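Below is one structure, written out as structure tokens; the observations come after it.
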Amino acid sequence: MTTGSFARLVCGRRTKWIVLALWIVVLVFAGSLAGKLGGVEKNDNASWLPGDAEATQVSELQKQFQPDDIVPAILVYERTGGITPADQEKAAADAKAIAAVPGITGQIIGPVPSADKAALQIIAPIKIDADGWDKIADVVGQIKTISGAGENGLGISMTGPAGVAADSAGAFDGIDGTLLYTTLIVVAIILLVTYRSPILWLLPIVTAGVALTSAQAVIYLLAEHGGLVVNAQSAGILTVLVFGAGTDYALLLVARYREELRRHADRHEAMMFALHRAGPAIIASAATVAIGMGCLMLAEVNSTSGLGPVAALGVLVGLLAMMTLLPALLVIFGRWLFWPVRPRYGTPEPTATGLWARMGNRIARRPRAVWISTAVVLGAMALGLVQLDANGLSQQDSFTSEQPSVAGLEVLGRHFPAGQGDPVVVIAGADRADAVRTAFTGVPGISAVGDPVVKNGLVQFEGTLTSAPDSQAAEDTVIAARDALRGTGAKVGGTTAMTLDINEANKHDNRLIIPLVLLVVLIILAVLLRSLVAPILLMATVVLSFAAALGVSALVFRHVFGFGGEDTAFPLFVFVFLVALGIDYNIFLMTRVREETREHGTRRGALIGLAATGGVITSAGIVLAGTFAALGSLPLVAFAEIGFAVAFGVLLDTLVVRSVLVTALNLDIGRWMWWPSKLTHQDPAVDAPVSPAPLSQSERVLPQ
């Protein structure tokens, strides 16, 4: 089906009602399914760990020693002047009561006094049942109720892996609702300012909401019946992505529709032309985003590979809604939607003499100086990359606000070996038990090794770390343990090993997926623009823009927000979102420039393209930046960093790179931008350098 026939089908006088009816039916069925998405999310370690990582293998082998997945909760009792007999009695009574809490399995350890006699600790093993990690917060809450907050100078802290998991669950609690409402408010405000209409903004919002509900329903079905892995991270990003990308497509379509309403008396005909002319760019943009996101499926980290299909499906469903439901709604409601500034038939197109037309006129005076100076400034911004520390976040650095479990870790570290309650786990063949124990005991950073547990021909040891389990020193200890045990057949796991393996897998994914996405996007641009020079230059601007955004973000994180570092997946996520989504603006601009180049030449076509799309690209960038900035509403550093970097990068891309740098390159290079297509052989006279008149002499700088 051609775009012309598709356009007639979507916005026909009768078929528009059929399109609306079909989407109502879809919404009725999707609504009930979308609400079940949270029930199939998997937020346990398996949904994050690389499938073949050594820590993953140890986690599977541990099931032979303990059939249930166990995560320890640690209660720490602290009194500055020393623990009293009354404190010991209370802790003992608490331990007995905690043992009866549903979800507690095995033996309660403690109360164990610290060497300085100023603290006690209780370690309670919590069973992770079929409901996964979602129940941990409930069990931790019951333990806190039993122990109380402490009084008369006795401090009581809940920490350990279970305490941290409970705080993380609290941070993710309501993530979908928080992001949805924050995103809705941001998009609504921006659309109101953009359209200056009290009604028009509702249609993109409604359409994006329908798209999100439909996407959630499809993803729920795939997660429930197709084995798709979905977690809170991917579900949250889905909301931002559907609203951000979907609203971008809506803005482009509405802008082109408004143009055509001035050229056609009949609104159905105007929408048909708008879809026919803007549709290919929108489809190409969505396909590029979907393919770019699909590249994430090659990631080793399960959470990243699961995000790929979730994000791709969200973008494709958003595209379908914006190309069918939105056009139908626009023609059903008619021109009055644009009130109070309705585009009347026969009136001049205001973009021809607007802000971006005047901007293009200024760039045309000295395009080479403009693109060189812009590139130098972006390069200087990229120097901030020296401050980037994407080596992972400790538990203390993972939250934007103080959390009880983090404070508890500090208390625990003051009185007990930092790694107590969260050991390094070693599993080997039982026949190598003595050799493994000797080698493991001699590893620097291991303060003690527990008694061996033998079962099914395997032996398990647990070693206590001298360093905090989430520290770099602890990861170095795991690396040293693996080196010391090499050749014994032993495998090293535990929480620290999981973190290490996830970080290493993230670094591998960065090296694999970033070049792959660049190559994929380059090929798509080459096919779409039928050129080699333009795609290479555009990709160079994309990389420069990404580096500048990352450099500025690193400086802000370190010196403004005071963050302790970046997650190892941070560069990959920011790159994929900035490149895959930012390429939309390249496509919106360059397809229009190519369209105008056929008649006016590249230099004049570049000015017309900038004037026609500058406003909509800016609006789209602000909307997308606003939706990603909504991630900052969550108390998690990793989300806040991604939200800031993508928001800043998108604004930089739309306001500077696309509008100034790319336009200046088009003006300077001229028809050779399209080499080796036939546009390169256009009459040089048609593509003569632009000599704009002084702005004060005339408002009209572009031909109609």
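Listing for the model above:
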| read-out | value |
| --- | --- |
| Selected residue [farther than 22 Å from R592 by Cα and either surrounded by fewer than 18 Cβ atoms within 10 Å (Cβ to Cβ) or within 37 Å of the chain's Cα centre (by Cα) (or both)] from A357, A321 | A321 |
| Filter result for the condition that a residue is under 22 Å from A53 (Cα atoms), without any contact (Cβ under 8 Å) to a residue 12 or more places away in the chain, part of a helix (DSSP H, G or I) and not assigned by TED's automatic domain parsing to the domain that holds G110, over D434, D483 | D483 |
| Candidate set from the stretch 225-277 (those that are in a loop (DSSP other than H, G, I, E, B) and free of Cβ contacts under 8 Å to residues at least 60 places away in the same chain); member that is surrounded by the most Cβ atoms within 10 Å (Cβ to Cβ) | D266 |
| Residue check for V377: at pLDDT 90 or above, surrounded by fewer than 18 Cβ atoms within 10 Å (Cβ to Cβ) and of a type outside the set (K, R) | yes |
| Any chance I446 is more than 15 Å from L61 (Cβ to Cβ) and modelled with pLDDT of 90 or more | yes |
| Considering residues of the stretch 405-425 that are hydrophobic (A, V, I, L, M, F, W, C) and part of a loop (DSSP other than H, G, I, E, B) only, the residue modelled with the lowest pLDDT | A418 |
| From Q62, Q66, residue being at pLDDT below 80 and either of a type in the set (F, W, Y) or more than 20 Å from G413 (Cα to Cα) (or both) | Q66 |
| Test for V164: is it crowded, with 24+ Cβ neighbours inside 10 Å, farther than 30 Å from P343 by Cα, touching a Phe, Trp or Tyr at 6+ places or on another chain (Cβ under 8 Å) and at pLDDT below 85 | no |
| Sole exception among (1) at pLDDT below 80; (2) aliphatic (A, V, I, L, M); (3) over 22 Å from I642 (Cβ atoms) for I205, by number | (1) |
| Filtered residues of the stretch 376-402 (kept if part of a loop (DSSP other than H, G, I, E, B) and out of contact with any Gly (no Cβ under 8 Å at 6 or more places or on another chain)) | Q395, S398, T400, S401, E402 |
| Condition broken by V459, with the remaining ones in (1) of a type outside the set (S, T, N, Q); (2) part of a strand (DSSP E or B); (3) modelled with pLDDT under 90 satisfied | (3) |
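To keep it simple, each residue is scored yes or no on (1) crowded, with 21+ Cβ neighbours inside 10 Å; (2) in contact with an Asp or Glu (Cβ under 7 Å, 6 or more places away or on another chain).
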position	(1), (2)
Q420	yes, no
P423	yes, yes
G429	no, no
A433	no, no
F440	yes, no
S447	no, no
D451	no, no
D470	yes, no
A490	yes, no
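The values are calculated or read from the model by the stated rules, or taken from the named source; none is laboratory data. The shown structure was predicted, so the numbers you read here are calculated from the model rather than taken from an experiment. When we count neighbours, we look across all protein chains shown, and the Cβ atoms used for this are built from the backbone with ideal geometry, even at glycine.
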